[in-house]
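**Q** Handing you a structure now.
The values are calculated or read from the model by the stated rules, or taken from the named source; none is laboratory data. Note that the coordinates shown come from a computational prediction; the quantities given were computed from them, not determined experimentally. FYI the Cβ positions are ideal-geometry reconstructions off the backbone, even for glycines, and counts take in every protein chain you see. With ligands, DNA and RNA removed, areas are computed over all heavy atoms of the protein, side chains included. Shrake-Rupley method; radii C 1.70, N 1.55, O 1.52, S 1.80 Å.
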Amino acid sequence: MEGVLGDLADMPRSRPSCKKMCKGHLNKVNNRVVHDWTDSVVRLHLVSGSLDGKLIIWDIYTGNKTQIIPLMSSWVMSVAFSSSGNFVASGGMDNQCTIHDINNRDSTGAAKVARELVGYEGFLSSIRFLDDSNIITGSGDMKVIHWDFNTGKKVTEFFGHSGDVATMSLAPDNNTFVTGSVDRTMKLWDVREPDTCKQTFWGHTSDVNSVYFHPSGHAIATGSEDKTARLWDIRSDQQIAEYKPPTANSGFTSCVLSASGRIILCGSDDNTIHYWDTMKGAHQGQLQGHENRITSLAMSGSGIAFASCSWDMNRVKSTQYPLSSERGRTCAGLILLPVLTCFLPPSPFHLLPSCIATTAAAAMPPGTTKLVYEVLEPGVKPLAGLAVPVVPPCPPPLAQAKEALKPPPPRPYTQNSAPEPPHTPQDDSHGSSWLHEPPDCPFDLHGSPFDTRQEAHGKRAVEHLSSGSEHCGGAWLRALSKMELLMAVGGYFGSLNTVQAVRLSATQPILPQDVRAAITLVARRTELLQTCVSWRWAWPWFRRRLHIAAPFRVAREPLMEAYYNILEVPYDMSRGPLWRACLVPEGRGAAGEHRAVLMIAVHHCLNDGYTNAVLFREVISVLNGAMQGRRHLPPLRPLAPAIADQLLGPRELLAAAAFTVYKFFTPTLGRFNSKVYFKGAVPRPSARHARTARTRVLHAEMTEEATTQLRRRCREAGVTVHALLCAAAQVAILHTAGAFGRPPPNEALVRVFNCVNLRRYFREEDREALGCLISIEEEETRVMLQDAASGDALWELARRGYAALKVSLEEERRPLRTLAAFTPVSLLIPVNYLLTRLGLPNLNDNHVITTNMGDLRPLLHPGEGPVKPTHMMRCVSDAYTGHPYTLVVQTFAGRFSVTLEYYSTKTTPAVARTFFTTLINLMLDLAITGAPAPGGGPHRAAALHHDKFCPETDDPDHDPDHDPDQDPDHHHHHHQEKAR
């Protein structure tokens, strides 16, 4: 470009000015292409769509609204005018395209719906009219569809992208169009030959947010999240120019070209519009005035003006536009208003001649003739000073040139994965995954910031992640609920991280790149995985991240070491992402199956046990589909509203106030720590151990036969398995105190908190919502030694607990009555954090919390396929709340599983092991014999399933936290010596 255009005169300096500010939307003018123009003889019109659920058609010359069209869904992402100006189409998260006839109105004065086009499996991201009878749409299901508007039927579907189709632009002849996608490619299509993609352009390193055809039809401009805009020549099939702002801090959301093609304008995440001389590549300046992300630009067909829209809600007093004296919508004491700004470029901005001359020699294969192409709009001649050889338009480039310019297909993942045992010959057919076979792969993450195959690329990834645009927040989604606030406060102190681990067994190799691709596809379809937590005024809000990151790694360390690593690494709550994943390859099983453990960690403010299970189900379903040669597209799951908080009334708020006083009274004036540690009989961790907050896990599973017997005995006794577990835990706490204290206590007041899934109180249509939708219910019971003296006494204790729990959940609805209390109770977390740093005892308000996830077989059943989940374990790092233990129980694959989490700030490994062993022995005795067996027996070992996550034995030498001074046998020996 520089060699060819060295003598070309510089573009005259000219700065567009704002001519109109169109006001009227009551919410954000959304992203993607959300406005379009139509030119008529008399008027210039603009249509815009917003999250307020309205389409507004504007008369640009007057700035007045000519029509307001209400929509069925407020999540509009794209709108378009027909070329005649008679129809307006819109679509978005409702997964359909709605077309309105603006000349035909109903009784309310709104334009009637002329046609609804349904059949999408993803959101609608882009719409373009070919004419009044044909329309083309792109969507999040990676497809482009050509519709016959009159019949409402599909003419054809275009397949080829491996990610969401994000943007689209029509050529001037309306026969070809180009699409951009999150797979970082642009594809050229011909509506007359829909079978195959004509050309694919590679080069961007992140999502392609915007494409725009050059007025000549021979070039394409693009804007991307990689902070560059680029110009591509269709005939030479390559990039010919790259445009970067002086400070590349933000990605580009949209781009347009002037009518002459001499100027490219790009809207950016930095709230400004950058523009360049396309031929010289010189940055000409930036247009300021918006106060938030520029979401879209649109150039009028005549080229006399272009429009921009943004997420900003401008305070009128600070706006830089000429019409700043106009008043906007007043909200909460501030004048806030989404704006749509129209820039009218003064002469000669839109009259500049177009001469984009390009050379194709740089990237052509050896032996290719050096060609210089002229890309001109019709009727415009090159400048007189441009003396370059020009060839007439040529057919599409040779296939060898195209293939030479494309990068090779992704190679199988080789680094960071554990060595796989030698494959048998039948495994060779599965050496590369269908997920990555070009060109039909549904997604491709190679080259992403989390691709760690090359050390050099890893360094670039760190640099990329440290930039502001990678983490700066996007749209504000909603305020956190009461329970989410408690979890988020824990996150700011490095606590309340949840990890769910599932062992996978497959008939084919489980490739790390396939797992990463599947996880990322689920993240792209699940909004809660795209969020971070930022403070807005005096309350934290969920905010969408501008980049969907895939924090994934393959672990080389042992299984439980990898588990603790992913559990204890804190999140950056305000930057995100608030989730991560890890794969631990395990080689071949006894039957020759391929095994690996997949761990997905999501911060507790975003999830609960139900959400964990749904995420795993979708990931495994994607893997199964890929291994079977089919595509499984997870459903779109928007962030659920704060449904639980909507159920709170005055009665619940009053009960929460009383519960708050009670919660603060218990660990301080109530001296509940004395009850938890039995007046010093049960040892606390030493100051050396208490200064570091760590979560450790003990895990046990029953066999399927023992689980069946346990369920049968619970049905016969009229209790649930959860009620029996709570009774056994209360007795085990009393027995643990007796193991350390001399003489052992005869009774104790044991308080158990039960974690409750609040979906039981939701409407049927809301019960599949994802998020942290839990609360706490508490039971305090006086337990005596005689309660465990016989089977009848222990079953009776379980029946009393079950009756009290049933009244609490169904009649008193106590989980809802305590929900609002978690806003002030969250102060307990920073208090315990400070006490931990000082080496002082933490405050406690109960003995143990139980989390019952129920039978996960129907929820975690991914369908038929080569990948099957066989084991599962979930826990939470919860060191700063008010309990020393958490019991997580579930039934999975027909086996009853119990996981004990204990915290180094509250208890010692020896005490936790004693408590867990006593609890498991009681459950095994009750399942097999129906009564406690103080002398033990062989039935205990026979009822345990030994292929579990925690292979460590009870030998203290295996525990790095073990302190011999706090072992119960050591204490017993010490008391004997003292007695002598």
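**Q** At a probe size of 1.4 Å, how large is the accessible area of K54, to the nearest 10 Å²?
**A** We get 70 Å² for K54.
**Q** Of the beta bridges DSSP finds with both residues in segment 517-593, what % are antiparallel, to the nearest 5?
**A** 65
**Q** While we're on this one: What are the principal axis extents of the Cα atoms in segment 510-666, in Å, biggest first?
**A** 60, 35, 28
**Q** Given 10 Å bins starting at zero, what is the percent of C-alpha pairs of segment 64-203 in each, up to the one with the largest pair distance?
**A** Calculated P(r), rounded to whole percents: 12, 44, 32, 10, 2, 0.
**Q** S83: accessible area at probe 1.4 Å, nearest 10 Å²?
**A** For S83, the solvent-accessible surface is approximately 90 Å².
**Q** If you don't mind, another one. Heavy atoms only, 1.4 Å probe, whole protein assembly: order F201, F159, F664 by accessible area, highest first.
**A** So the residues, ranked largest to smallest area, are F159, F664, F201.
**Q** While we're looking at this one, here's another question. Extension gain R742-H861, at 0.36 nm per residue separation less the Cα-Cα distance, in nm?
**A** Answer, rounded to one decimal: 37.9 nm.
**Q** Also, I was wondering about something else. Any idea what diffusion coefficient segment 810-930 gets from Stokes-Einstein, in µm²/s, Kirkwood Rh on alpha carbon pairs, 25 °C, 0.890 mPa s?
**A** 143
**Q** How much FRET efficiency would the formula 1/(1 + (r/R0)^6) give for R588 and R837, where r is the Cβ-Cβ distance and R0 is 56 Å, rounded to 0.05?
**A** The formula returns an efficiency of 0.75 here.
**Q** Among the listed pairs K482/K675; K482/K906; K482/K663, which are separated by more than 20 Å between their Cα atoms?
**A** Pairs exceeding 20 Å: K482/K675; K482/K906.
**Q** Additional query: Sort E225, E864 by accessible area with a 1.4 Å probe, largest first.
**A** Result of the area sort, largest leading: E864, E225.
**Q** Using a ≥ b ≥ c from the Cα gyration tensor of segment 726-837 (square roots of the eigenvalues), is it rounded, prolate or oblate, where a/c under 1.5 gives rounded and otherwise the larger of a/b and b/c decides, a/b for prolate?
**A** Since a/c reaches 1.5 but b/c is at least a/b, the shape of segment 726-837 is classed as oblate.
**Q** With labels modelled as points extended 7 Å from the Cα through the Cβ direction, what inter-label distance (nm, one decimal) is found for S73 paired with F159?
**A** Between S73 and F159, the simple spin-label model gives 2.3 nm.
**Q** Give me the extension gain from E193 to T205: residue separation times 0.36 nm, minus the current Cα-Cα distance, reported in nm with one decimal.
**A** Roughly 1.4 nm would be gained on extension.
**Q** For each pair in K20/K65; K198/K280; K143/K868, compute the distance between the two Cα atoms and list the pairs where it is over 24 Å.
**A** Going by Cα-Cα distance, K198/K280; K143/K868 fall outside the 24 Å limit.
**Q** A further question follows. In vacuum, with every alpha carbon of segment 499-570 counted as one equal point scatterer, what does the Debye formula give for log10 I(q)/I(0) at q = 0.15, 0.20, 0.21, 0.22 Å⁻¹? Two decimals, please.
**A** Calculated log10 I(q)/I(0) at the listed q: -0.71, -1.07, -1.12, -1.17.
**Q** Right, another one. Where the convex hull is taken over the Cα atoms of segment 154-264, what is its projected area averaged over directions, in nm²?
**A** Mean shadow area of the hull around the Cα atoms is 6.9 nm².
**Q** Then there's this: With every protein chain present, what accessible area does Y662 have (1.4 Å probe, heavy atoms only), rounded to the nearest 10 Å²?
**A** 70
**Q** Here's another thing I want to ask about it. log₁₀ I(q)/I(0) of segment 886-932 at q = 0.15, 0.21, 0.24, 0.33 Å⁻¹, via Debye over equal Cα point scatterers, no solvent, to two decimals?
**A** With one equal scatterer per Cα and no solvent, log10 I(q)/I(0) is -0.47, -0.80, -0.93, -1.15.
**Q** Let me ask something additional. From the protein chains alone at 1.4 Å, what is the descending order of accessible area for W476, W539, W579, largest first?
**A** So the residues, ranked largest to smallest area, are W539, W476, W579.
**Q** Follow-up question, since we're still on this one. First select every other residue whose beta carbon is under 13 angstrom from the beta carbon of R814; then total the charges, Lys and Arg +1, Asp and Glu -1.
**A** Net charge in that neighbourhood comes out at -3.
**Q** A further question follows. Based only on the alpha carbon positions, what is the Kirkwood hydrodynamic radius of segment 53-99, in angstrom?
**A** For segment 53-99, the Kirkwood estimate is 11.3 Å.
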